[in-house]
Amino acid sequence: MNLTARDIDRVLTAIDEATEEMVDFTVAMLRIPTVNPPGDAYEDCARLIGARLGECDFAVDYPVADTRPEHTAMHPRMNVVGLRRGRTDRPLVHLNGHFDVVPAGAGWTMDPFGGVVKDGRIYGRGSSDMKAGITAAIYAAEAIRRVGIPLVGSVEISGTVDEESGGFAGMAYLAQQGRLSADRTDAVIITEPTDTDRVYIGHRGVYWFEVTTRGRIAHGSMPFLGVNAIEHMGVILDRMRRELMPVLGARTTAIPVQPPGARHATLNINGIAGGQSVDGIQTPCVADLCRAIFDRRFLVEEGFDATRAEIVELLERAARETPDLLYELQDLMIVHPVQTPDGASVVSALDHGAQHVLGRPLLKAASPGTYDHKHVDRIAGVPNCVAYGPGILNLAHQPDEYCTVADLVQSTKVLALAVLELTGTN
Ligand SMILES: [Zn+2]
């Protein structure tokens with residue numbers, strides 16, 4: 001790279017000068033409530049991002065995941081991809097952000113879709129996770145163009161759907177369609193919130209499963225004549241809490257997951273339903289059915305097979321030791337852990353950028369949760385992938401979520417320098 005210190009300064013200055021534009025564009029995205037579920041207003045947001053990419057000289061198209069069952073006329077799964085070709089197709093650096101957001105939830109002190117900017121913070125559902133990241137990706141590339149530095153390789157930027165529900169109509173779809181593939185893509189940076197100073201080099205594994213307990217209905221005044229499925233789910237939950245959770249909490253991965261609490265294996269009870277709906281009219285009945293959904297995050301050291309076997313063993317023991325306890329176990333989603341290989345160019349490029357902008361290399365961390373990295377690695381076959389972007393991970397999915405303007409600007413600078421290094425300059 002025959003880039004001078006002056007070139008770099010010009011790029012960084014161009015980002016400072018674009019601050020207001022970047023805030024405005026983030027606010028415009030936040031005002032589109034792309035809530036998932038069910039996947040509202042995706043097309044509006046895709047077109048907003050596409051229009052900006054077009055203004056920034058990208059060739060834009062809108063891949064719609066119309067083969068996916070979650071794609072409907074009411075909720076089309078529309079993604080957006082922009083490509084700006086350099087002197088050559090390769091190396092191709094792909095920057096990705098998802099534009100779906102989780103529901104606002106309770107506890108907000110302001111309109112979660114109002115796009116409020118106050119005291120250097122951009123508030124809104126999806127500010128950190130991760131519409132600010134989409135802005136950062138676009139303006140990292142745009143700053144390079146504005147100062148007129150020609151790139152050797154090419155830059156691709158995508159805004160994708162459904163990351164919060166697994167990414168199947170989003171990044172997985174782009175990978176299945178060959179838009180993201182080892183044949184054309186050299187590096188992928190997902191601009192998820194990483195607190196500006198760290199880079200995520202992978203994530204733990206996920207095992208979502210459903211347990212159903214089946215009882216026998218009887219009159220509620222004579223519960224001894226029936227078998228209560230809720231009680232039996234209670235037995236299972238109690239065993240999980242007393243026997244399994246302490247064991248999981250004592251297991252620690254060698255991978256630097258951040259925050260440190262997530263270095264252990266975890267189990268969350270995600271949802272439960274049994275007996276009659278509490279909102280409906282009640283008639284006296286022994287509950288004959290109870291269903292619960294569990295979210296088990298496992299460590300690379302545990303592996304999936306042992307993780308599942310441990311659950312089966314607990315359920316079997318509960319069934320053996322509890323008269324009439326009948327259960328079914330159904331696997332809902334399995335995501336194996338991923339890890340960026342040592343020496344990946346995408347990590348060193350971001351490190352060099354951070355060294356310049358922040359004065360230190362990035363902290364290497366693994367994510368407590370999974371994100372679209374898995375699809376890039378497993379389906380597209382591009383292991384040279386990380387997450388790096390503006391915003392505070394701990395604020396994701398919380399009330400009064402925000403991203404600071406300072407974070408947005410800093411991360412954009414780091415990304416711009418990484419893009420320069422990864423694509424090469426003339
Ligand atoms: Zn996210």
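The values are calculated or read from the model by the stated rules, or taken from the named source; none is laboratory data. Quick caveat, the model's predicted, so the values are computed rather than measured. Quick reminder, even Gly has a Cβ in these numbers, built from the backbone with ideal geometry, and neighbours come from all protein chains shown. With ligands, DNA and RNA removed, areas are computed over all heavy atoms of the protein, side chains included. Shrake-Rupley method; radii C 1.70, N 1.55, O 1.52, S 1.80 Å.
Brief remarks follow.
- Scanning the range 96-136 for residues that are β-branched (Val, Ile, Thr) and under 24 Å from residue 54 (Cα atoms) gives 101, 134, 135.
- Of the criteria (1) more than 16 Å from the ligand (Cβ to nearest atom); (2) closer than 26 Å to residue 370 by Cβ; (3) in contact (Cβ under 8 Å) with a residue 40 or more places away in the chain, which one residue 75 fails: (3)
- Scan the range 284-314 for residues that are in contact (Cβ under 8 Å) with a residue 24 or more places away in the chain and either more than 29 Å from residue 257 (Cα to Cα) or of a type in the set (Asp, Glu) (or both) and the total you get is 12.
- Subset of the range 260-287 (residues that are touching a Pro at 6+ places or on another chain (Cβ under 7 Å) and assigned to a loop (DSSP other than H, G, I, E, B)): 286
- Among residues of the range 137-159 being part of a strand (DSSP E or B) and either open to solvent by 10 Å² or more (accessible area, probe 1.4 Å) or of a type in the set (D, E, K, R) (or both), the one that is nearest to residue 48 (Cα to Cα) is 156.
- Any hit, the range 79-94, residues being within 16 Å of the ligand (Cβ to nearest atom) and touching a residue at least 60 places away in the same chain (Cβ under 8 Å): yes
- Qualifying residue in the range 101-115 (condition: out of contact with any Lys or Arg (no Cβ under 8 Å at 6 or more places or on another chain), at pLDDT 95 or above, crowded, with 24+ Cβ neighbours inside 10 Å and not in a helix (DSSP H, G or I)): no
Conditions (1) more than 20 Å from residue 384 (Cα to Cα); (2) more than 13 Å from the ligand (Cβ to nearest atom), marked per residue:
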residue: 97; (1), (2): no, no
residue: 103; (1), (2): yes, yes
residue: 106; (1), (2): yes, yes
residue: 157; (1), (2): no, yes
residue: 167; (1), (2): no, no
residue: 179; (1), (2): no, yes
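- Between 374, 364, the distinction of being basic (Lys, Arg), within 29 Å of residue 253 (Cβ to Cβ) and over 16 Å from the mean Cα position of the chain (by Cα) belongs to 364 only.
- Pair list, Cβ under 6 Å, 6 or more apart: the range 323-345 residue polar (S, T, N, Q), other residue surrounded by fewer than 17 Cβ atoms within 10 Å (Cβ to Cβ): 330/210
- Residues in the range 248-295 that are among the small types (Gly, Ala, Ser), open to solvent by 50 Å² or more (accessible area, probe 1.4 Å) and more than 20 Å from the chain's Cα centre (by Cα): 250, 254, 273, 277.
- Among residues of the range 124-136 being part of a loop (DSSP other than H, G, I, E, B) and among the small types (Gly, Ala, Ser), the one that is nearest to residue 4 (Cα to Cα) is 126.
- Lone qualifier among 5, 28, 18 - being small (Gly, Ala, Ser), more than 19 Å from residue 100 (Cα to Cα) and touching a helix residue (DSSP H, G or I) at 6+ places or on another chain (Cβ under 7 Å): 18
- Residue check for residue 328: in a strand (DSSP E or B), at pLDDT 95 or above and open to solvent by 30 Å² or more (accessible area, probe 1.4 Å): yes
- The helices (runs of 4 or more DSSP H) found entirely in the range 1-78 that carry 1 or more residues being under 22 Å from residue 126 (Cα atoms) and touching a Pro at 6+ places or on another chain (Cβ under 6 Å) are 42-55.
- Single residue of the range 81-100 satisfying the filter (among the β-branched types (Val, Ile, Thr) and in a strand (DSSP E or B)) that is nearest to residue 182 (Cα to Cα): 93
- Filtered residue count, the range 334-358, keeping only those that are open to solvent by less than 50 Å² (accessible area, probe 1.4 Å), more than 16 Å from the ligand (Cβ to nearest atom) and not in a helix (DSSP H, G or I): 3
- For the range 387-404, the set of residues classified as more than 13 Å from residue 97 (Cβ to Cβ) and either of a type in the set (Phe, Trp, Tyr) or open to solvent by 30 Å² or more (accessible area, probe 1.4 Å) (or both) consists of 392, 393, 394, 395, 397, 398, 399, 400, 402, 404, listed by residue number.
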